[in-house]
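Just below is one structure, and these are the notes that go with it.
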Amino acid sequence: MKVIGLLVNHTKPMAQDVARRLIEIIEKHGAAARIDEKTAETIGRDDICLPQSEFADHVDLLFVLGGDGTILGFARQFAKTGLPLLGINIGHLGFLSEAEPQDLEDSVKRVLDGNYCLENRLMLEAQVERGGQVIYQDLIALNDIGIVKDRFGTMVTNRLFVDDMYVDQYTGDGLLVSTPTGSTAYSLSCGGPIVSPHIDVMLITPICPHTLHSRPLVIAADQEVRVEVTGTHEEMVLLVDGQDFRTLENHDIIRVKQAAYKTKLIKWRDREFYEVLRRKLHNAP
Ligand SMILES: NC(=O)c1ccc[n+]([C@@H]2O[C@H](COP(=O)([O-])OP(=O)(O)OC[C@H]3O[C@@H](n4cnc5c(N)ncnc54)[C@H](O)[C@@H]3O)[C@@H](O)[C@H]2O)c1
Ligand SMILES: Nc1ncnc2c1ncn2[C@@H]1O[C@H](COP(=O)(O)OP(=O)(O)OP(=O)(O)O)[C@@H](O)[C@H]1O
């Protein structure tokens, strides 16, 4: 029997109702659901309650109830488990989600029939060195690692090396190292190219560079990015998917490479990325 773990963003007013309906449908089709303590208490289903830390050993796949931010958070939390993940959009844009709350019956049937494709999305792994010591490591991102100034109206200078070869120095709001998934997020706003999620590359995009010549770079996924950071105001941070952060100091060294694991996103049809682009980022049918 297939077991589906439900990952719920509790800040979404619709989340509990969608979870309740999903569980009914999953059980009607002869499969089982597992939910965290808070959801179990709210909807009165203690019998299927399981701590999220035990999902990896007891569920076959994950349904994520939220928007893009929720998917990013749970993708990082469950990165090492290799569990496939289906986004059910109860957020705003839902670029990374495949299902909508009005399609729950169809979505459950497809998943239980195995009628879907898996997209393996590259993730990044970053570490920070200070004075020759590694001070932060295992920082995993699905979208992007940002090395940015932390105060409106100041600048940061990033010296960029790829595989120990000096590339350039970027002064401005910062530098993003993005995955193909992240190419449609912050990097897009900074003039970066849209990268198909079906190729494994890393993207380096300057954020508001104060030069005439700085351009985004696409490098191979097996290369290592090294950034040396300085800021006259010394207020700089490393951002992980825009959600998690670490404070940086002058001369910190940030290394970014592809992570050892990937996020497996459930998609109904293979290679439908361009349709999602048109629909979600261009408002086109
Ligand atoms: N100026 C900008 O465009 C800007 C600034 C900061 C952060 N971001 C992005 O926001 C991401 C975090 O997302 P969040 O939802 O937690 O924050 P958030 O709620 O502030 O949302 C940012 C927006 O980006 C969208 N988004 C997130 N990931 C996406 C992706 N891979 N493709 C297309 N759209 C995407 C979200 O749906 C939302 O509309 C960061 O990884 C960063 O890339 C963008
Ligand atoms: N697992 C989680 N549990 C609780 N809150 C979360 C979780 N993941 C994200 N959040 C918070 O929920 C809020 C909104 O989440 P999310 O980004 O998924 O929705 P959205 O902004 O409505 O959708 P979208 O990003 O698709 O436009 C954010 O403040 C985010 O930090």
Of the numbered conditions (1) more than 16 Å from ligand 1 (Cβ to nearest atom); (2) surrounded by fewer than 16 Cβ atoms within 10 Å (Cβ to Cβ); (3) hydrophobic (A, V, I, L, M, F, W, C), Ala33 satisfies every one except a single condition; which is it? (2)
Candidate set: the range 251-285, residues that are surrounded by 15 or more Cβ atoms within 10 Å (Cβ to Cβ) and of a type in the set (S, T, N, Q); chosen: the one farthest from the chain's Cα centre (by Cα): Gln258
Is it fair to say Gly73 is open to solvent by less than 10 Å² (accessible area, probe 1.4 Å), within 15 Å of ligand 2 (Cβ to nearest atom) and closer than 20 Å to Thr179 by Cβ? no
What are the pairs, 6+ residues apart or on separate chains, where a residue within the range 256-277 that is assigned to a helix (DSSP H, G or I) has its Cβ under 7 Å from a residue that is surrounded by 16 or more Cβ atoms within 10 Å (Cβ to Cβ)? Phe273/Pro197; Val276/Phe95
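Out of the range 59-69, which residues are within 8 Å of ligand 1 (Cβ to nearest atom) and either under 16 Å from Asp36 (Cα atoms) or assigned to a helix (DSSP H, G or I) (or both)? I'd like the intermediate steps shown before the answer.
First, pick out the residues of the range 59-69 that are within 8 Å of ligand 1 (Cβ to nearest atom): 67-69.
Asp68, Gly69, listed by residue number.
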What number of residues within the range 163-194 are open to solvent by less than 10 Å² (accessible area, probe 1.4 Å) and either hydrophobic (A, V, I, L, M, F, W, C) or more than 13 Å from ligand 1 (Cβ to nearest atom) (or both)? 4
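Identify, please: which residue in the range 80-101 is within 15 Å of ligand 1 (Cβ to nearest atom) and not in a loop (DSSP other than H, G, I, E, B) and is, among those, nearest to Ser53 (Cα to Cα)?
Applying the first criterion (within 15 Å of ligand 1 (Cβ to nearest atom)) to the range 80-101 yields 85, 87-98, 100.
Add one more test, that the residue is not in a loop (DSSP other than H, G, I, E, B), and what stays is 85, 87-89.
Details: Leu85: 16, Gly87: 19, Ile88: 21, Asn89: 23 Å.
Only one residue fits best here, namely Leu85.
Quick one: which of Ala56, Ala75 is within 16 Å of ligand 1 (Cβ to nearest atom), among the small types (Gly, Ala, Ser) and not assigned by TED's automatic domain parsing to the domain that holds Arg226?
Working: Ala56 fails: within 16 Å of ligand 1 (Cβ to nearest atom).
When all the criteria are applied, what remains is Ala75.
Pick from the range 124-162 the residues that are in contact with a helix residue (DSSP H, G or I) (Cβ under 6 Å, 6 or more places away or on another chain) and part of a strand (DSSP E or B): which of them is surrounded by the fewest Cβ atoms within 10 Å (Cβ to Cβ)?
Initially, the range 124-162 is screened for residues in contact with a helix residue (DSSP H, G or I) (Cβ under 6 Å, 6 or more places away or on another chain), giving 140, 142-144.
Remaining after also requiring part of a strand (DSSP E or B): 140, 144.
Numbers: Ile140: 21, Asp144: 26.
Result: Ile140.
Filter the range 227-250 down to the residues that are over 15 Å from the mean Cα position of the chain (by Cα) and in a strand (DSSP E or B) and list them by number.
As a first pass, look at the range 227-250 and keep what is over 15 Å from the mean Cα position of the chain (by Cα): 227-238, 246-250.
Across the range 227-250, the qualifying residues are Val227, Glu228, Val229, Thr230, Met236, Val237, Leu238, Arg246, Thr247, Leu248.
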Scanning the range 102-117 for residues that are in contact with a strand residue (DSSP E or B) (Cβ under 7 Å, 6 or more places away or on another chain) and open to solvent by less than 50 Å² (accessible area, probe 1.4 Å), which turns out nearest to Phe55 (Cα to Cα)? Val111
Could you run through the range 18-37 and say how many residues are assigned to a helix (DSSP H, G or I), within 16 Å of ligand 2 (Cβ to nearest atom) and without any contact (Cβ under 8 Å) to a residue 40 or more places away in the chain? 1
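The values are calculated or read from the model by the stated rules, or taken from the named source; none is laboratory data. Note that the structure is a prediction, hence the values are computed from the model and not measured. Because the Cβ atoms are built from the backbone with ideal geometry, glycine has one as well, and the counts that use them run over all protein chains shown. Surface areas here come from the heavy atoms of the whole protein model, side chains and all, with no ligands, DNA or RNA. Shrake-Rupley method; radii C 1.70, N 1.55, O 1.52, S 1.80 Å.
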